[in-house]
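Structure, as structure tokens:
The values are calculated or read from the model by the stated rules, or taken from the named source; none is laboratory data. Everything numeric here is computed off the predicted structure, so don't read it as measured data. Heads up, the Cβs are rebuilt from the backbone with ideal geometry, glycines too, and the neighbour counts pull from every protein chain shown. Keep in mind that these areas ignore ligands, DNA and RNA; they rest on the heavy atoms of the full protein, side chains included. Shrake-Rupley method; radii C 1.70, N 1.55, O 1.52, S 1.80 Å.
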Amino acid sequence: MAKVATLITDLFEDIEYVSPKEALEEAGHTVVTIDKEGNKAVRGKQGEARVDIDYGIADVNPDDFDALFIPGGFSPDLLRDDDRVVAFAKKFMSDMKPVFAICHGPQLLITARSLEGRDITGYKSIQVDLENAGANFHDEEVFVCQKQLVSSRTPKDLPAFNREIVNLLKEREL
């Protein structure tokens, strides 16, 4: 089963972390949380979810994980000012490992300069940013690009997002 790195910090969109995490764990995968620093807890922007951080970014290596999950909210924007976090995300894209990004999650991939020519969806407010990064934007509930990058727009798209992230890992037999 897959070991899924999750880049997350304060002000993540609560349900965009909780729902996919549950779907991944129900399918037998392990979800590991990573922030700039470890040994702390972060809170969702709705105040409904509290997440204990497993590791700081300095304590992990992308090669030790099978997939990357980036929940939305303000978290991706807060994380992308750290070059270590950006490099971590970029490595998954460069290695064509599964990457799951919902809502504002693709902001981290924009900063990693890893979306040129890729097909993606995301929250409406980042559509122009995605296009400026060279991505082809699709206004759909979920979009799977090259059997590697799974993206969705908003919490209402979570059923489709969860289905596709679990299916992709199953197809890859991770």
- All-but-one check, VAL142 against (1) free of Cβ contacts under 8 Å to residues at least 60 places away in the same chain; (2) closer than 16 Å to VAL4 by Cα; (3) not small (Gly, Ala, Ser), failing number (2)
- Task: Kindly establish whether PHE92 is over 25 Å from PRO159 (Cα atoms), buried (at least 21 other Cβ atoms within 10 Å of the Cβ) and out of contact with any Lys or Arg (no Cβ under 9 Å at 6 or more places or on another chain).
- Result: no
- Item | Subset of the range 50-84 that is farther than 22 Å from GLU25 by Cβ and small (Gly, Ala, Ser) - its residue that is surrounded by the most Cβ atoms within 10 Å (Cβ to Cβ) | GLY56
- Message: For the structure I just gave you, tell me whether PHE100 is in contact (Cβ under 8 Å) with a residue 60 or more places away in the chain and among the hydrophobic types (A, V, I, L, M, F, W, C).
- Response: yes
- Message: Any residue in the range 68-94 that is closer than 12 Å to GLY105 by Cα sitting within a Cβ distance under 8 Å of a residue that is open to solvent by 70 Å² or more (accessible area, probe 1.4 Å)? List the pairs, counting only those 6 or more apart or interchain.
- Response: GLY72/TYR123; GLY73/LEU11; GLY73/LYS45; PHE74/LEU11; PHE74/LYS45; SER75/LEU11; LEU78/LEU11
- Query: Which one of the conditions (1) open to solvent by 10 Å² or more (accessible area, probe 1.4 Å); (2) more than 19 Å from ILE34 (Cα to Cα); (3) of a type in the set (A, V, I, L, M, F, W, C); (4) assigned to a helix (DSSP H, G or I) does ALA87 fail to meet, given that it meets all the rest?
  - Reply: (2)
- Among the residues of the range 27-49, is there at least one that is open to solvent by 70 Å² or more (accessible area, probe 1.4 Å) and in contact (Cβ under 8 Å) with a residue 60 or more places away in the chain? no
- Message: Every residue in the range 104-129 that is more than 11 Å from the chain's Cα centre (by Cα) and assigned to a helix (DSSP H, G or I), please.
- Response: ILE110, THR111, LYS124, SER125, ILE126, GLN127, VAL128, ASP129
- Query: Say we look at the range 124-136 and pick out the residues that are farther than 15 Å from ALA101 by Cα and aliphatic (A, V, I, L, M); which of these is least open to solvent (accessible area, probe 1.4 Å)?
  - Reply: ALA133
- Identify all residues within the range 143-160 that are open to solvent by less than 20 Å² (accessible area, probe 1.4 Å) and within 22 Å of VAL128 (Cβ to Cβ); write none if there are none. CYS145, LEU149, VAL150, SER151, SER152, ASP157
- Message: Of the conditions (1) crowded, with 18+ Cβ neighbours inside 10 Å; (2) part of a helix (DSSP H, G or I), ALA101 satisfies every one except a single condition; which number is it?
- Response: (2)
- Query: If ASP139 satisfies every condition in (1) open to solvent by 20 Å² or more (accessible area, probe 1.4 Å); (2) outside any helix (DSSP H, G or I); (3) touching an Asp or Glu at 6+ places or on another chain (Cβ under 8 Å) but one, which is the exception?
  - Reply: (3)
- Message: Among the residues in the range 151-165, are any part of a loop (DSSP other than H, G, I, E, B), among the small types (Gly, Ala, Ser) and within 17 Å of GLU13 (Cβ to Cβ)?
- Response: no
